[in-house]
1. Could you work out the relative contact order of the chain, using alpha carbon pairs under 8 angstrom and six or more residues apart, expressed as a whole percent?
2. When the helices in the chain are scored as -39500 (n - 2.57) per DSSP H run of 4 or longer and the sum is shared across all residues, what 222 nm value do you end up with, to the nearest 500 deg cm²/dmol?
3. To test your reading of the geometry: what angle, between 0 and 90 degrees and rounded to tens, separates the Cα axis of helix 66-84 from the longest principal axis of the chain?
């Protein structure tokens, strides 16, 4: 259970850092980032596998590069869902979503490794 909450906090912090780096992505507060992380997690768990399966031929032709577009679509969809519930997470278009998805995965990976390294050493 602690691992779940730690992963959730890492996702929220990564989202805030990404919003500060990428113009066109905005998160209004840390609680909004926590809720947005839940929405992103749900989109990644439900919609993203379906998109990946439907775009598999295009992904194979582009040697996997189309997965960046799938990630951008998933981030944009999460932004639309967050906007529908007035969460305070906004992605301003395709290009911020594309760059944001790359930055978000990088930042999340770096923070996740740092947190896991510190958790294992205790």
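Laboratory data are not the source of any read-out in this text; all were calculated from the coordinates shown. All values reported here derive from a predicted model rather than from experimental measurement.
1. Working: 132 pairs, mean separation 41.7, N = 122.
The normalised contact order for the chain reaches 34 percent.
2. Values: 5 runs with 98 residues, N = 122.
Value at 222 nm, helices only: -27500 deg cm²/dmol.
3. Approximately 60 degrees, to the nearest ten.
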